[in-house]
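Right, one structure below, let's go through it.
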Amino acid sequence: MIVGKQFGPEQILAIVRRRWWAVLLPCVVVAGAAALVSAKLPNRFRSETLILVVPQRVPETYVKSTVTSRIEDRLQSISQQILSRTRLERIIQDFDLYRRQRRSSIMEDIVEGMRRDIDVQVVKGDAFRVSFTGEEPKTVMKVTERLASLFIEENLRDRAVLAEDSYEFIETQLEDARRRLVQHEKTLEEYRRKFSGELPSQLDANLQLIQNTQMQIQTLNDSMARDRDRRLVLERLMADAASTPETPAVAAAAEPGPGSRAQQLEAEKENLRQLQMRLKPEHPDVIRAKRSVARLEESLASNPEPSAPRGPRVSAADAARQNRLKEVSGELEQLDRQLAKKESDEKQLRAVIDRYQTRVEATPTRESEMLELTRDYDTLQKTYASLLTKKEDSKLAANLERRQIGEQFKILDPARVAEKPFSPNRLRINGIAALAGLLLGLALAALLEMNDTTVKTDDEIVQSFALPVLAMVPVLGTPEREGTRWRRLVVFASSFALVVISVGLVVWKLRQ
């Protein structure tokens with residue numbers, strides 16, 4: 001290459017015109033070789049089917065599906081199962097695929113090649129496309145149909161298995177929750193039985209019982225106060241009766257007896273007259289004296305007493321006083337018995353109050369313990385109710401999948417026999433090869449030009465050597481030049497013929 005030589009558009013075009021054979025020859029050779037190679041490549045056909053994801057027929061508000069994953073994730077899982085070696089080997093044997101490869105390769109490599117020939121693509125989120133590429137169009141279509149049926153069957157089986165597994169899992173969890181709930185209920189029952197009466201729910205009843213018992217004690221105290229007042233009155237009466245002097249007749253008697261009933265009746269009448277003179281008719285003593293007189297009269301009327309020997313006569317006033325003392329003494333004894341019984345009842349009622357007061361005081365402790373127990377119990381109840389609802393939902397979902405009315409795969413576009421090869425793309429291969437040959441030719445022409453030290457024009461002399469041109473000598477033809485020219489023509493003709501033959505072979509191969 002001459003130093004200082006410049007390359008502009010005109011110089012580049014001149015180089016291309018001068019070295020056209022160096023540019024064209026690699027292009028023709030590479031394109032022809034690519035045409036021959038692409039012609040020998042086997043045709044591969046592709047068949048595909050479009051599968052639509054049909055939602056379940058029963059609305060989601062009625063029956064919730066147990067399968068909530070996206071179609072992309074489910075397709076990935078189903079594809080891993082379908083593209084397993086076991087299933088692909090069965091498909092290869094059923095349709096006698098890859099006959100040439102099976103003669104020289106192991107089955108693992110053949111299965112891996114089939115995985116590359118199978119393509120699964122999601123279309124718009126609610127459909128997906130399954131395709132297979134092979135050498136025989138009809139076999140490719142049958143394999144695609146088999147793959148589509150496997151996707152449909154595997155989806156149904158997976159959904160049914162998932163629904164059954166979900167139902168069994170929830171049933172197991174429900175049984176465990178039921179066992180824990182029953183155990184906790186037994187613990188609560190034992191606790192309530194052990195601390196019966198001290199529970200927070202019984203606090204109001206205990207307070208009410210304490211209040212009622214206090215009212216009973218108050219009633220007893222009032223009654224005891226009245227009885228004590230009555231006892232004081234009776235003691236005063238006895239003291240008054242005892243202070244009255246006896247009559248001489250009574251004092252003269254050796255053994256003062258009670259006297260006959262007639263005498264007692266006279267004494268009671270005398271006592272009644274004296275009481276009526278001092279008291280009102282409705283006074284209790286007057287009423288009691290009247291009852292005593294009436295009782296004695298009835299007794300004498302029904303059983304007259306026989307005549308008895310007359311003894312020392314007792315006056316009616318003394319007899320009435322003695323009877324009165326006896327009655328007052330009997331009433332005092334009765335009041336003492338009543339007071340003793342009421343005091344005993346009061347002690348019992350106060351013991352009841354103490355017992356219920358102890359329960360009331362223990363209620364805060366029991367309340368904190370019950371809160372701790374019922375907190376877990378409420379959680380277990382909510383968990384059990386939630387699991388029970390989920391069990392019914394999963395049971396409905398399992399029945400839905402068993403009857404195959406859940407979400408399904410439906411073939412929208414069935415597989416068809418391919419009418420033209422899917423690969424190889426010979427036009428593309430030849431075009432890329434021609435472009436590569438052209439670039440190689442240009443690189444070769446540039447290399448030759450860089451190694452060329454000859455001067456072609458007077459401008460190159462002026463630019464390179466800075467010398468004026470005095471004259472130009474035309475190119476003289478010599479035998480060597482003519483031979484070189486003819487050799488270039490032969491090479492070009494041969495290359496052109498090779499390209500034509502290659503194109504013809506490609507066209508002939510395509511028409512077969």
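The values are calculated or read from the model by the stated rules, or taken from the named source; none is laboratory data. If you're wondering where the values come from, they're calculated on a predicted model, not measured in any experiment. Neighbour counts run over all protein chains shown; Cβ positions are idealised from the backbone, glycine included.
Does Q348 fit the bill of being modelled with pLDDT of 85 or more and farther than 30 Å from Q183 by Cα?
Values: modelled with pLDDT of 85 or more: yes; farther than 30 Å from Q183 by Cα: yes.
In short, yes.
Looking at E419, is it surrounded by fewer than 15 Cβ atoms within 10 Å (Cβ to Cβ) and assigned to a loop (DSSP other than H, G, I, E, B)?
Taking the combined requirement at face value, the residue satisfies it.
Looking at the stretch 103-123, can you tell me whether even one residue there is modelled with pLDDT under 85, assigned to a helix (DSSP H, G or I) and of a type in the set (S, T, Y)?
Checked the stretch 103-123: no residue is modelled with pLDDT under 85, assigned to a helix (DSSP H, G or I) and of a type in the set (S, T, Y).
Looking at the stretch 70-95 only, could you name the residues that are outside any helix (DSSP H, G or I) and out of contact with any helix residue (DSSP H, G or I) (no Cβ under 8 Å at 6 or more places or on another chain)?
Matches in the stretch 70-95: R70, S84.
From the list D318, D336, D393, which one is modelled with pLDDT of 80 or more and assigned to a helix (DSSP H, G or I)?
It is D336.
Can you find a residue that is at pLDDT 75 or above and surrounded by 11 or more Cβ atoms within 10 Å (Cβ to Cβ) anywhere in the stretch 447-456?
Looking for residues that are at pLDDT 75 or above and surrounded by 11 or more Cβ atoms within 10 Å (Cβ to Cβ), one finds at least one in the stretch 447-456, hence yes.
For the stretch 45-54, give me the residue count where each residue is under 15 Å from K142 (Cα atoms) and not aromatic (F, W, Y).
Summing the residues that are under 15 Å from K142 (Cα atoms) and not aromatic (F, W, Y) in the stretch 45-54 gives 5.
What about K382, is it basic (K, R), part of a helix (DSSP H, G or I), modelled with pLDDT of 85 or more and outside the structural domain of I78 (by TED's automatic domain parsing)? Explain how you work it out, then say what you get.
On the way: basic (K, R): yes; part of a helix (DSSP H, G or I): yes; modelled with pLDDT of 85 or more: yes; outside the structural domain of I78 (by TED's automatic domain parsing): yes.
For K382, the condition - basic (K, R), part of a helix (DSSP H, G or I), modelled with pLDDT of 85 or more and outside the structural domain of I78 (by TED's automatic domain parsing) - is met.
Of S223, S196, which residue is out of contact with any Phe, Trp or Tyr (no Cβ under 7 Å at 6 or more places or on another chain), among the hydroxyl-bearing types (S, T, Y) and in a helix (DSSP H, G or I)? Working first, answer last.
Working: S196 fails: in a helix (DSSP H, G or I).
Being out of contact with any Phe, Trp or Tyr (no Cβ under 7 Å at 6 or more places or on another chain), among the hydroxyl-bearing types (S, T, Y) and in a helix (DSSP H, G or I) holds for just one of S223, S196, which is S223.
Pull up the stretch 422-442, narrow it to residues that are touching a residue at least 60 places away in the same chain (Cβ under 8 Å) and not in a helix (DSSP H, G or I), then point me to the one that is surrounded by the most Cβ atoms within 10 Å (Cβ to Cβ).
Ranking the qualifying residues of the stretch 422-442, first place goes to F422.
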